[in-house]
Ligand code: PMP
């Protein structure tokens, strides 16, 4: 495997960054998770736009143009002779002195890894996940805005640990007001009386690419797609629920907080949307 670091390719064993990189020392940096489907990078321009927005929010200068970043991602896929992969694009603040100040860091590090990823077993995709709401709340937008895809995932990791300690693989995070934000690395959708709902990003979730795609697919398939604040009650009493993310794709959630969602089985709308989603991702995208 070859890893892109600042314009050059390195073998996996030699792909290294400094221990003085503020990405490592402080989580000072940003990233994107992108998918390559059948030789096409899905929504690559949109991922690069989101990366640049995250960079702007944390005042980090990416040393490439958007067009160059698109080419860097495609080149990494070509170099690794991949046609299906998960691409992790990281931009860290770079090497600096000890101490929080980014002013001592002059060279942001641009890293692109393209590899396989499987977050959940095939069985879970067929039967659905069970999750629990955890006490850890999603970052407040007044702190580190959840819209920034930063290298600082401790908020989400703490939530995941709480869920795992209770024997669950996934968790639901609420925002400070008690509304549904998202899961540890995925957006949340429910289906109720034939309509599809997801919380607005103002409730503390990431503006997910998969979320956006599923919303488009749902509307094209004729479903009413509604963005509105949701509570745990809405999920407990929904007919169906599923999570979306680039790594997870679309995975059914069949139980939350020991309540079966619907009849506790993967629902027909979830299946239909998954089919629609799979079609879109393999047909569209930037050819590498
Ligand atoms: N929320 C969080 C916290 C995430 O890290 C991610 C990405 N894994 C998502 C939502 C889903 O976003 P996307 O569909 O763009 O991958």
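Coordinate-derived values only; no laboratory data. In this text, all values refer to a predicted model and were calculated from it rather than measured experimentally. Cβ placement follows ideal geometry from the backbone for every residue including glycine, while neighbour counts extend to all protein chains displayed.
Looking at the chain as a GNM with Cα springs under 10 Å, which of 218, 143, 248 has the largest mean-square fluctuation?
Between 218, 143, 248, it is 143 that shows the largest mean-square fluctuation.
Any chance you could check the Cα centroid distance between region 179-252 and region 89-138 for me, in angstrom?
Region 179-252 and region 89-138 have Cα centres spaced 21 Å from each other.
Relative to the longest principal axis of the C-alpha atoms of the chain, give the angle of the C-alpha long axis of helix 209-220, reported between 0 and 90° and rounded to the nearest 10°.
Tilt relative to the chain: about 40 degrees.
Multiply the residue gap between residue 67 and residue 284 by 0.36 nm, knock off their C-alpha separation, and tell me the result in nm, one decimal place.
That pair, residue 67 and residue 284, stretches by 76.3 nm at full extension.
With labels modelled as points extended 7 Å from the Cα through the Cβ direction, what inter-label distance (nm, one decimal) is found for residue 258 paired with residue 142?
Here the answer is 3.5 nm between the modelled labels.
Under 1.5 on a/c is rounded, so check that first for region 85-143, then, if it is not, pick prolate when a/b is larger than b/c and oblate when it is not; a ≥ b ≥ c are the square roots of the alpha carbon gyration tensor eigenvalues.
Oblate is the answer for region 85-143, as a/c is 1.5 or above yet b/c matches or exceeds a/b.
Run the numbers for residue 84 and residue 154: contour at 0.36 nm per residue of separation, minus the present Cα-Cα distance, in nm. Don't skip to the end; give the middle numbers.
Details: separation 70, 0.36 × 70 = 25.20 nm, distance 2.90 nm.
Between residue 84 and residue 154, full extension yields 22.3 nm more.
Would you work out the relative contact order for the chain, in percent, from Cα pairs under 8 angstrom that are 6 or more residues apart?
Relative contact order of the chain: 20 percent.
Taking every pair of Cα atoms in the chain, average 1/r, invert it to obtain the Kirkwood radius, and report Rg/Rh to two decimals.
Reported Rg/Rh, Kirkwood definition of Rh: 0.97.
How far is helix 268-283 tilted off the main Cα axis of the chain, in degrees rounded to 10, range 0 to 90?
Between the helix axis and the principal axis of the chain, the angle is about 30 degrees.
Find, to one decimal place in angstroms, the Kirkwood hydrodynamic radius of region 1-156, where the mean of 1/r is taken over every pair of different Cα atoms and then inverted.
Over region 1-156, the inverse of the mean reciprocal pair distance is 16.9 Å.
So how tilted is helix 154-165 from the main axis of the chain? Cα-based, degrees 0 to 90, rounded to 10.
On a 0 to 90 degree scale, this one is about 50.
Connecting C-alpha atoms closer than 10 Å in a GNM of the chain, tell me which of 16, 195, 260 has the biggest fluctuation.
Greatest mean-square fluctuation among the candidates belongs to 16.
Could you give the nm distance between label points at residue 12 and residue 103, where each point is 7 Å from its Cα heading toward the beta carbon?
4.2
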